[in-house]
Amino acid sequence: MARHKKRGRMGGEHLAATATRLSSATVDALLAYAARAVWPAGFMIYQRGAPADGVFLVLEGRVILRSRVRAGRGFIPWIATPGETFGAEGLSASPKYSTEARADEEATTIFLSGARYRSFLREQPHHATVLVAQILGERSALLEKLRELTTMSVEQRLIVSLIRMATFDTFTRDDGCLVLNTNRYRLLCELVGATRESVSLVLGRFVTEGLIERKGSSLIVQPSQIMGRVELPLDDLLPATPGSLPAAPVLL
């Protein structure tokens, strides 16, 4: 079985939330029923509106779920990381994918078809219950993000998104600082659910105030430097699964 990648360190004691991911025992049980695949970076796994079936589970890498709003713009409601699921629309009564799914980096997944899911329910009821609980937990995290839409400003959503991005070791340096290059800047805008102009205004203000360092074409973010700008407790703002990055689905 593939090993899960180590997470990057988070700055600040308020970010030590407990991740909710499938246990290795349940993943091992799923491997006997599911098909394994390795997706190259940037590969489109499925498109919005396509017929759905079953559910995917990430073993390694990251899978970005994105909704296109207009040409060149969109928002990202979820990034599935090791031990998390995506594409569970395939288990619903109206199996059609609500977003596109793309491998952000080389990703290893397993796919449990609807037929194999029903066999899993019959033959492995304990592990099947754990899988259902995982899917519902991720749904709860998405519902929590709807609260951000009505209670948080662009600046607050930006800060929380930066802190969430810092949970990925591939986005950070060894010292825990988040490095924003051109590609990650676009990703950040889609996570925040705001236009590049709105995000640029806030980041520019942070650079002026010395909270973020500009180095060439990149921005260097130390999460502990910006946490003080969030008025609400971070424990209330961060999702139950800190590796996941649900975002407020709006464009300002």
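Each reported figure results from applying straightforward, stated rules to the coordinates on display, with no laboratory input. Everything numeric in this text was worked out from a predicted model, so none of it was measured. Cβ sites come from the backbone with ideal geometry, for glycine too, and all protein chains shown count toward neighbours.
What the Cα convex hull of segment 95-166 gives, in volume per residue, is 147 Å³.
With each label modelled as a point 7 angstrom along the Cα→C-beta vector, the R196-R229 pair spans 2.0 nm.
With Cα atoms as the point set, the radius of gyration and Dmax of segment 151-237 evaluate to 11.9, 35 Å.
Every Cα-Cα pair of segment 13-148 was included, and the share exceeding 21 Å stands at 41 percent.
Ordering S198, L187, A166 by Cα displacement along the dipole of segment 157-207 toward the positive end leaves S198 in first place; charges were set at the Cβ atoms of Lys, Arg (+1) and Asp, Glu (-1).
So if each residue of separation counts as 0.36 nm, and I subtract the Cα-Cα distance between S94 and L121, what length gain in nm does that give?
Numbers: separation 27, 0.36 × 27 = 9.72 nm, distance 1.98 nm.
Length gained, S94 through L121: 7.7 nm.
Over segment 104-208, the hull volume per residue, using the convex hull of the C-alpha atoms, is 151 Å³. Modelled spin-label separation between R205 and S218, with each label point placed 7 Å from Cα along the Cα-to-Cβ direction: 2.7 nm.
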